[in-house]
Amino acid sequence: MRVAVVTGGSSGIGAELARQLAAEGWHPVLLARREERLQELGFEYELCDVADREQVEAAAGRVLERHPGIDLLVNNAGIPVGSGFLDADPARIELALRVSCLGSLWAVRAFLPGLARGAHLVNVVSVAGTVAGGPYSASKAAQLALSRSLARELAPRGVSVHTVNPGFIETEGFPQRKRFGPLMRTLVVDPPIVARRILRAVELDQREITVPRWYVVASLAQAIAPALIARMHIPHAPR
Ligand SMILES: NC(=O)c1ccc[n+]([C@@H]2O[C@H](COP(=O)([O-])OP(=O)(O)OC[C@H]3O[C@@H](n4cnc5c(N)ncnc54)[C@H](OP(=O)(O)O)[C@@H]3O)[C@@H](O)[C@H]2O)c1
């Protein structure tokens, strides 16, 4: 049975991905902090704060003892910040960067001995990482650069890297629908769509995807017309 390690597997996109992986015959191993949520899901798990490098190394060591070969590693753990660079809690800014970017890096390094030729790495980044949107965007932009760089560094080892950029997805940590009016609310989708697209990206070896696809307009607008985007007000994700 193919083994998939999913960080941030206790809720939202990670939990839904675990369900879909299991339905497709994979064996999910979840990493997160909330034990009661992990127990409810019923999959193998390790308690782990990905912001703490030593915890990631210890959890990976325990998983690799049980499963020396990991077929898929999904770096999905992430947190919102909820406000801008000037008013956000400094500790929250540091934590967002540690969880999304450094947490992904520590997980890759710790699980590397188990990632053989043919294995896959998925980094759940964000459209926010491609546009200007405060500390959360910065944490995701750093993770995006990490993901793209790892694609090159892991290629000689035969490990495929897939960068997944979701748009607004309704989850526990990111209750998007309540922050928008009726029009913007129609842009918000649910985790099963993201989980399905992640599985497809692995299956079809797609290197970078945006979910839903039409959010790519935001990434292109930022790249092509940064001056215009600088004048727009984009609300921060709540926390
Ligand atoms: N929802 C959106 O609109 C959206 C859009 C683009 C990208 N994303 C990204 O998608 C990913 C999943 O988020 P989600 O929307 O599914 O939110 P969610 O339901 O809040 O899930 C976040 C997951 O990350 C885990 N997590 C948070 N901090 C952690 C830490 N220090 N160590 C280990 N695990 C940690 C949480 O588990 P514990 O609390 O149990 O540790 C939880 O399982 C995140 O990277 C997020 O940035 C979300």
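Data for the structure
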quantity: Long-range Cα-Cα pairs in the chain (distance over 26 Å), rounded percent; calculated: 33 percent
quantity: Efficiency of FRET from Cβ geometry, residue 190 and residue 87, R₀ 35 Å, rounded to 0.05; calculated: 0.70
quantity: Most positive-pole-ward Cα, 182, 199, 169, against dipole of the stretch 165-209 from beta carbon charges; calculated: 182
quantity: Sequence of 216, 164 once ranked by neighbouring C-beta atoms within 10 Å, starting from the fewest; calculated: 216, 164
quantity: Calculated on alpha-carbon atoms, Rg and Dmax of the stretch 1-119 in Å; calculated: 14.5, 48
quantity: Enclosed volume per residue, in Å³, of the convex hull spanned by Cα atoms of the stretch 88-217; calculated: 117 Å³
quantity: Computed label-point distance, nm, for sites residue 217 and residue 230 using a 7 Å Cα→Cβ extension; calculated: 2.4 nm
quantity: Semi-axis lengths (Å, descending) of the ellipsoid that matches the C-alpha gyration tensor of the stretch 26-72; calculated: 16, 16, 8
quantity: Residue 27 paired with residue 94, simple spin-label distance in nm, labels 7 Å along Cα-to-beta-carbon; calculated: 3.9 nm
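Rule-based calculations on the coordinates, nothing more; no lab input. Computed from a predicted model, the values in this text were never measured in an experiment. Reconstructed Cβ throughout: ideal geometry from the backbone, glycine too, with neighbour counts over all protein chains shown.
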